[in-house]
Amino acid sequence: QVQVVESGGGLVQPGGSLRLSCAASGSRFSIYLMGWYRQTPGKQRELVATITSDASIKYGDFVKGRFTISRDNAKNTVYLQMNSLKPEDTAVYYCKVDTYRVQDYWGQGTQVTVSS
């Protein structure tokens, strides 16, 4: 069973920055994809950013250059640097991990609140 643990959420003012981290452990298989999704009450979970083991990256349309995803393959850790945060970025951010055999391991989520 793969354990997925997020950290780094919190309260930040509009225009500020936060860095989220997610570490995966316990996988029998190599990890293919790591990434971030977010969800607000009453809405579907949406893509923020994903990165594969060969560094192929995908961002959600709303990111528009404000967020940067990176990954340390040796540590099975993914990071999300979020800059120029807006109130509409307020959400629970979830880390997703896909191995080469099994997909859709999720963390418990970390709350990001952007408010003055």
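The values are calculated or read from the model by the stated rules, or taken from the named source; none is laboratory data. As the structure is a prediction and not an experimental result, all values here were calculated from the model. Using ideal geometry, Cβ is built from the backbone for each residue, glycine included, and neighbour counts are taken over all protein chains shown. Keep in mind that these areas ignore ligands, DNA and RNA; they rest on the heavy atoms of the full protein, side chains included. Shrake-Rupley method; radii C 1.70, N 1.55, O 1.52, S 1.80 Å.
If you go through segment 57-72, how many residues are open to solvent by less than 10 Å² (accessible area, probe 1.4 Å) and either at pLDDT below 95 or among the hydroxyl-bearing types (Ser, Thr, Tyr) (or both)?
Total meeting the criteria: 1.
Looking only at segment 73-93, filter to residues that are closer than 13 Å to residue 21 by Cβ and in contact with a Phe, Trp or Tyr (Cβ under 8 Å, 6 or more places away or on another chain); which one of those is surrounded by the fewest Cβ atoms within 10 Å (Cβ to Cβ)? Before the answer, list the steps.
Here is the first cut: in segment 73-93, the residues closer than 13 Å to residue 21 by Cβ are 75-82, 93.
With in contact with a Phe, Trp or Tyr (Cβ under 8 Å, 6 or more places away or on another chain) added as a condition, the list becomes 78, 80-82, 93.
On the way: 78: 28, 80: 25, 81: 15, 82: 25, 93: 23.
Out of the qualifying residues, it is 81.
Within segment 31-44, identify whether any single residue is within 16 Å of residue 105 (Cα to Cα) and assigned to a loop (DSSP other than H, G, I, E, B), and answer yes or no.
Within segment 31-44, not a single residue is within 16 Å of residue 105 (Cα to Cα) and assigned to a loop (DSSP other than H, G, I, E, B).
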